[in-house]
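Each value in this text was obtained by applying a stated rule to the coordinates, not by laboratory testing. Since the model is a prediction, treat every value here as computed from it, not as a measurement. Here the Cβ positions follow ideal geometry from the backbone for every residue, glycine too, while neighbour counts run over all protein chains shown.
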Amino acid sequence: MHLPRSSLRRAATALAAVAATLAGGLAAPAANAAPRHHAIVDPGLTAAVEAGQEATFFVVLDSHADLSDALRQRGKARKAAVFQARRAEAARDQSSLTRYLDQAKIGYESYWIANAVKVTGDRDLVEQLAARPDVAALKQEQRYAIDTAAMGPVTATEAADPDWGVKDIRADQVWSQYDDRGEGVVVATIDSGAQFDHPALKDNYRGNLGDGAVSHDYNWYDASGQCPSSTPCDNNGHGTHTTGTIAGAGGIGVAPGAKWIAVKGCEANSCSDSSLLKAGQWILAPTDHNGQNPRPDLAPDIVNNSWGGGNTTFYQDMIESWNAAGIFEAFAAGNAGNGTTCSTTEAPGAQAPAYGVGAYDANGAIASFSGFGPSLVDGSMKPNIAAPGVNVRSSWPGDGYRAISGTSMATPHVAGAVALLWSAAPSLVGDIDATRAVLNDSARDVDDTHCGGTADANNVWGEGKLDAFAAVDQAPHTAATITGTVSDRVTGAGLAGIAVAAAGETTQRSVTTDASGAYRLVLAAGTYTVTSVGYGYRTATETLTVTNGQALSLDIALDAAPRHAVTGTVYDVTGKPLPGASVRIAEASLAPVVSDASGAFRFPDVAEGTFTLVATPAAPVLCNGTYQKALTVDGDESLTLQLPAHSDAFGNSCLPAAYSWVGGTTKVALSGDENAKTVALPFPVTFYGVPYNQVGVTTNGLVNFLAPRLGDYANTALPMEGQPNGILAAYWDDLVLDKKSAVKSATTGTAGQRTFAVVWENAAFAADPGRRVTFEAVFEEATGAILLQYQSIDGASTLEKGGSATVGIENQAGVDALQYSFNEPVLTDRSALRILPKAAR
């Protein structure tokens, strides 16, 4: 972990002339003077910076996207339109603020879902930003505890019957009487993660491609950065539990036929604003596991939010964006109740735009912990509805099961009920108001008006107890039902795991065949292209027109695809054969293979089709990126795979370079341990898009573009949001500059073609003063590239080769980085690597 950064005082600007104090507001304006703008400042932020500390906070812009055009769209087009409107608004409105922050050397992270920018700073910065006319509010970063009211022991036994909550809301009657288990609907969770291969969850994880093949892109995202790899994780258990209640098999899930996806928006026992906002963006436009290439067409239909706390309104834009896109959201109303006190619901579930959920027990009594309204945020009636939330049994990491209590457990009952409702009545999909009306009207009323309201709708039970069967029963039953079996044309055997998708003008629905090859599609009236896709078989497509209430039988026979060998060789970024690379054929039910000592790989039996071929280098990746290209198999294929340069999200990349040492000529007055010196640059250096005229050079092998001084920071993997940020780690280790050491600089070349070198000579290791290392960072004016070079490295010394060092760059917000190595002995004597900006590649 990075240690806390010392307080930074910024130079006075025109904005610093604001004569306000945060505790008392703005000073009284002079007679006849126009009142000065002052944003709403979070009291917690005021207290933090008044005490002389720095704080992390969000600068919320004073504007909102116009979503009127988006609301006129339908289906996937509507999701895309909301995404584009929100992102365009943020880019436009934040440009002036981010220019100011760049000029002030302040790192930041932008969010488009809430039109906010996250920064870290002191009182001076708070005062300056509060005075900006484009700023509405400054919100201190908060964390929301993952709260459960009670927790039972973990068991290994799968339930024999539906859990009491599933039966209480009559979801099991929806299964039996409507043959509806949520098929064709996708539900997401924002939580602590999920064990994707839990026995109760693995079969209907959207990333499960069948026969052991899995793709986490667009189906899973770790917004918190806590999982050790790109594989889904759950370091708490809460998320695995809520996901199971929505869509788990074996009687724990309300909608066991729905597909589920997940985003980890909670670090472990709590959820930060930063992670939750990134999670909220991913819900509207899912990305690959690296957070890149957003696709709103793959957004879920429903999102469950079993988190919250306090009385914030910070998430209102996020909720309204989801609703505008036709994504139904359910929020826990909070566990701050005591059974009697009113106005104990918690945001975001306590906000008017959110559908907040209270909890009751198996005896039909409201849970003692369930939050009551009216909302302290806006006075609205809360909760909106109540659902089973006491002693709810569901999946738990480690393939187990556990009964726990909380409004967090009630909320996924609502998310699952909406999946059943939308599966049965596709005309309701995306219609948030109509869906809420059906849920509300079908709920079982409970007369408790001690916190206000009526017998029909009050601040204890909301509209009453959730009744999934009554909701489906009351829904408009105008849909057509298509049933059938997908089979092998030659053998006649039913085929499991075949995706049968129907795409209409405004409606898209996809289901997967069961173990016998059977499927069931429920569609609104219209004309559809029905496509059947499964690995090992040729894709079948036909046009189908259905009318309201129609029942059709459509059996589909697929032709087996011929199979061929796919072989090849993997080369690294320099063109040398690369052993140990993992090669996989995405979308195919095949285990990955690993390239041998000569870089060769072989898949002996691949069905014809079009796939994505992916090759990933083994750690350490150094300058080797991930290879990904389309692969069409229509015969035996012999391939050459050269990995691209490793790059970060911004577009910086690295390549091995020819060694050409630049000697230092001017001594920098820097010595000792944990010290830094500000050095002027002879030409502007652009780092992550921001030009700088000076940098901080540290004894520990860092060039810091933001802070003039370095505290006692232990090196970490990159990126890391904790300080320091905005850094070039030429050789970041615990180094000491003694009498035998020096830091020097040198400028060479003519204007336009200059280079500027920072050279660390004979730096000693604090852990082993008898060992030393010499290295340098050379900035190139013409290309914008940075050359890192190393010499005097003992090839037998793990320490000197970088065994406890970090090499790479990290952006100003600490959320993007190009890491070459971290605690890996990969550096050699007389070696070099070049970090290239996007334009120079």
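Annotations
- For segment 789-840, diffusion coefficient by Stokes-Einstein and Kirkwood Rh (Cα), 37 °C, 0.692 mPa s, µm²/s: 271
- Mean separation of Cα contacts under 8 Å, 6 or more apart, over the residue count of segment 563-642: relative contact order %: 40
- Helix 76-103 vs. the chain, principal-axis angle (Cα, 0 to 90°, nearest 10): 30
- Sorting 317-325, 731-739 by average packing, meaning the other beta carbons within 10 Å per residue, from highest down gives 317-325, 731-739.
- Cα convex hull, segment 280-384: 109 Å³ per residue, rounded to a whole number.
- For segment 563-642, the share of alpha carbon pairs falling in successive 5 Å distance bins from zero is 4, 17, 29, 26, 14, 8, 2, 0 percent.
- With both labels modelled 7 Å from their Cα along Cα-to-Cβ, the N311 to R74 distance reads 4.3 nm.
- Local electrostatic count at T806 - Lys and Arg +1, Asp and Glu -1, tallied over other residues with Cβ under 10 Å: -3
- Proximal aspartates and glutamates to K801, defined as alpha-carbon separation beneath 13 angstrom and excluding residues fewer than eight positions away on the same chain: D733, E824, D829
- Whole-angstrom gap from segment 507-535 to segment 47-124, using each part's C-alpha centre: 40
- Two-decimal Rg/Rh across segment 105-196, once Rg and the Kirkwood Rh are taken from alpha-carbon atoms: 1.21
- Overall size of segment 46-100 from C-alpha positions, given as principal axis extents largest first: 51, 22, 15 Å.
- For segment 653-840, the relative contact order comes to 24 percent (Cα pairs under 8 Å, sequence separation of at least 6).
- Segment 668-759: C-alpha gyration tensor shape, a/c 1.5 cut-off, then a/b vs b/c: oblate
- Angle in degrees between helix 407-424 and the longest Cα principal axis of the chain, rounded to the nearest 10: 60
- Convex hull volume of segment 723-841 per residue (C-alpha atoms, cubic angstrom): 114
- Take 523-535, 463-475 and order them by the average number of nearby Cβ atoms within 10 Å per residue, most first; the result is 463-475, 523-535.
- Shape category assigned to segment 34-183 from the gyration tensor of Cα positions, a/c cut at 1.5: oblate
- Among 362-368, 442-448, 165-171, 786-792, the order from most to least packed when residues are scored by Cβ within 10 Å on average: 165-171, 786-792, 442-448, 362-368
- With semi-axes defined as the square roots of five times the eigenvalues of the C-alpha gyration tensor, the equivalent ellipsoid of segment 163-474 measures 27, 21, 18 Å, largest first.
- In this structure, the amide hydrogen of S831, modeled 1.01 Å from its nitrogen in the peptide plane, lies closer than 5 angstrom to those of Y790, counting only residues at least 5 positions away or on a different chain.
- Of K202/K576; K139/K259; K278/K677; K576/K838; K259/K465, pairs whose Cα-Cα distance is over 32 Å: K202/K576; K139/K259; K278/K677
- Subtracting the Cα-Cα distance of T610 and T678 from their residue separation scaled by 0.36 nm leaves 19.0 nm.
- Here K739 is the anchor, and the aspartates and glutamates within straight C-alpha reach of less than 15 Å, apart from those fewer than 8 places off in the same chain, are D673, E761.
- Normalised by 2.2 N^0.38 Å, where N is the number of residues, the C-alpha radius of gyration of segment 480-558 stands at 1.03.
- Dimensions in Å of segment 140-252 - Rg and Dmax from alpha carbons: 15.6, 50
- Take every Cα pair under 8 Å whose residues are at least 6 apart in sequence, average their separation, divide by the length of segment 163-474, and the relative contact order is 20 percent.
- The chain: angle of helix 238-247 to the longest principal axis, Cα-based, in degrees nearest 10: 30
- Stretching D197 away from Q550 to a fully extended chain increases their span by 123.4 nm, per 0.36 nm per residue minus the current alpha-carbon distance.
- Summarised in one figure, the compactness ratio Rg/Rh of the chain, Cα atoms and Kirkwood Rh, is 1.00.
- Separation between Cα centres of segment 247-261 and segment 586-641, rounded to whole Å: 33
- Taking Lys and Arg as +1 and Asp and Glu as -1, the other residues whose beta-carbon sits under 9 Å from that of S272 total -2.
- Amide hydrogen proximity for C654: with H placed 1.01 Å from N in the peptide plane, the residues at 5 or more positions away or on another chain lying under 5 Å are H646, L836.
- For segment 381-477, the spread of Cα positions along each principal axis, largest first, Å: 42, 38, 18
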